[in-house]
Amino acid sequence: MQATIVVLPGDGIGPEVTGAAERVLRAVAKRFGHSFTFTSHLIGGAALHAGQPPLPDGTREACLAADAVLLGAVGDPAFDTGSSERRPETALLQLRQALGVFANLRPAKVWPGLEDGGAFKPAVVAGVDMLIVRELTGGIYYGEPRGVAKDRQSAFNTMRYSRPEIERIAEVAFRSAAARRGLVTSVDKANVLETSRLWREVVTDVGTRYPDVTLEHQYVDSCALLLATNPKQFDVVLSGNLFGDILSDEAGAVVGSLGLLPSASIGGRGGLFEPVHGSAPTIAGRGVANPIGAIVSAAMLLRHALGAEPEADAVDRAVGGTLAAGYRTADLVADGGATPVSGSAMAQEILDRVVKPPV
Ligand code: IPM
Ligand code: MN
């Protein structure tokens with residue numbers, strides 16, 4: 001197989017973790033006899049520092065032409081006070097829209113060995129295996145009108161969802177659930193918001209086409225609580241853009257670290273694959289960042305953009321094997337027999353297991 005992969009390292013820890021993920025993809029190509037071509041482009045704060053807009057034209061065009069895009073993170077405190085056009089995050093929103101990737105898949109499962117790795121009781125989190133299906137190109141992130149009043153005494157955003165937008169993301173959730181444990185939990189705030197009432201109505205309609213999938217509705221506040229108290233009950237969690245953003249960070253805490261979570265944004269051209277964590281500027285450049293979110297995102301790239309299922313499984317197994325062997329980056333609790341390692345050492349352990357899987 002031949003494939004063109006655009007790598008967007010971005011800001012903060014982005015370059016470290018995409019570097020690790022790209023090495024893994026190169027190793028996969030070698031082991032399975034594929035030819036992957038990688039090109040790297042500026043995005044976010046890195047582009048702004050170079051005197052370009054956050055999403056330079058060249059970056060957008062390369063992404064539109066690629067088979068898949070692997071992104072690190074955007075976000076840089078240097079631009080925190082800028083207007084939208086001068087913010088790193090704007091690049092990501094524009095790129096998601098340009099690619100039309102409306103479906104953001106954020107799997108969150110507890111890896112064997114990491115059950116006692118976080119703030120939650122092992123008995124509560126052991127066996128957690130959920131998929132957050134987050135709508136990614138609509139809702140309050142994109143709704144117009146938006147703005148700040150001239151006198152800066154008020155500001156406003158618009159949460160807006162159309163029936164077709166809800167329908168297509170609900171389809172993704174139900175299809176995913178049908179291939180998993182058959183439960184969709186749809187998240188909204190229908191007790192308060194009109195968009196949520198339409199959301200609930202459309203999701204219920206779509207659900208009638210999937211008689212084998214059970215549909216439950218949860219208000220987002222209640223869902224946030226249940227995610228912390230009984231996360232095992234969730235299979236597919238379907239949500240709009242904003243609620244999915246918030247709940248997926250919480251899911252990071254449930255599985256032990258946000259640094260573990262991957263994501264795939266699909267449904268449009270190619271696909272955009274990025275770890276859920278941000279640019280983490282305070283630890284950038286020190287080689288300590290956990291590369292697993294980015295590496296498992298590369299596995300999702302293989303699976304969803306390239307249809308390379310055995311290759312994706314090989315990467316997942318290498319990650320699982322490394323964690324089972326006790327290697328722990330600083331964001332993961334290293335108990336008794338565990339081996340604390342840097343992010344680069346973790347990446348090397350995973351890479352070794354991709355190159356030569358232990359028998
Ligand atoms: C995410 C991030 C982005 C989002 C930011 C960086 C724009 O938090 O992918 O979860 O809010 O979607
Ligand atoms: Mn987020």
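The values are calculated or read from the model by the stated rules, or taken from the named source; none is laboratory data. This is a predicted model, so every value here is computed, not measured. In this analysis, Cβ positions are derived from the backbone assuming ideal geometry, glycine residues included, and neighbour counts consider all displayed protein chains. Accessible surface areas use protein heavy atoms only, side chains included; no ligands, DNA or RNA. Shrake-Rupley method; radii C 1.70, N 1.55, O 1.52, S 1.80 Å.
Cβ-Cβ contacts under 6 Å between residues 6 or more apart (or on different chains), taken from a first residue in the stretch 134-159 that is more than 24 Å from Arg269 (Cβ to Cβ) to a second residue that is open to solvent by less than 90 Å² (accessible area, probe 1.4 Å) and among the small types (Gly, Ala, Ser), are listed as Val148/Ala155; Thr158/Gly143; Met159/Gly139; Met159/Gly143.
Quick grid of which residues meet (1) under 24 Å from Phe120 (Cα atoms); (2) not assigned by TED's automatic domain parsing to the domain that holds Ala299:
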{"position": "Pro211", "(1), (2)": "no, yes"}
{"position": "Gln218", "(1), (2)": "yes, yes"}
{"position": "Leu227", "(1), (2)": "yes, yes"}
{"position": "Asn241", "(1), (2)": "no, yes"}
{"position": "Leu261", "(1), (2)": "yes, no"}
{"position": "Ala264", "(1), (2)": "no, no"}
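Going by what's in this entry, would Leu242 be described as surrounded by 24 or more Cβ atoms within 10 Å (Cβ to Cβ) and either away from ligand 2 (no atom under 16 Å from the Cβ) or part of a helix (DSSP H, G or I) (or both)? No, not satisfied.
I'm trying to understand the selection: among the residues of the stretch 81-135, which are assigned to a loop (DSSP other than H, G, I, E, B), within 16 Å of ligand 2 (Cβ to nearest atom) and closer than 30 Å to Gln233 by Cβ? Even if it seems obvious, please write down each step before you answer.
Within the stretch 81-135, the subset assigned to a loop (DSSP other than H, G, I, E, B) is 81-83, 87, 100-102, 110-121, 126-128.
Then keep just the ones that are within 16 Å of ligand 2 (Cβ to nearest atom); that gives 87, 101.
The one that is assigned to a loop (DSSP other than H, G, I, E, B), within 16 Å of ligand 2 (Cβ to nearest atom) and closer than 30 Å to Gln233 by Cβ: Val101.
In the stretch 317-359, the residue that is farthest from Phe120 (Cα to Cα) out of those that are open to solvent by less than 20 Å² (accessible area, probe 1.4 Å), in contact (Cβ under 8 Å) with a residue 60 or more places away in the chain and of a type in the set (Val, Ile, Thr) is Val354.
If you take the residues of the stretch 284-303 that are among the β-branched types (Val, Ile, Thr) and open to solvent by less than 10 Å² (accessible area, probe 1.4 Å), which of them is farthest from Ile5 (Cα to Cα)? Going through the qualifying residues, I end up with Ile292.
Would a scan of the stretch 143-150 turn up a residue that is over 16 Å from Gly240 (Cβ atoms) and touching a strand residue (DSSP E or B) at 6+ places or on another chain (Cβ under 6 Å)? Within the stretch 143-150 (the criterion being over 16 Å from Gly240 (Cβ atoms) and touching a strand residue (DSSP E or B) at 6+ places or on another chain (Cβ under 6 Å)), the answer is yes, since at least one residue qualifies. Please verify whether Ala50 is open to solvent by less than 50 Å² (accessible area, probe 1.4 Å) and farther than 28 Å from Pro357 by Cα, treating the condition exactly as stated. Judged against the criteria, Ala50 is not a match.
Asn104 meets all of the listed conditions (1) in contact with a Ser or Thr (Cβ under 6 Å, 6 or more places away or on another chain); (2) open to solvent by 10 Å² or more (accessible area, probe 1.4 Å); (3) of a type outside the set (A, V, I, L, M) but one, namely (2).
A quick yes/no check of all residues on (1) more than 21 Å from Arg197 (Cα to Cα); (2) within 16 Å of ligand 1 (Cβ to nearest atom):
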{"site": "Leu215", "(1), (2)": "no, no"}
{"site": "Gln218", "(1), (2)": "no, no"}
{"site": "Phe234", "(1), (2)": "yes, no"}
{"site": "Asp245", "(1), (2)": "no, yes"}
{"site": "Ser248", "(1), (2)": "yes, yes"}
{"site": "Gly252", "(1), (2)": "yes, yes"}
{"site": "Gly256", "(1), (2)": "yes, no"}
{"site": "Leu261", "(1), (2)": "yes, yes"}
{"site": "Ile266", "(1), (2)": "yes, yes"}
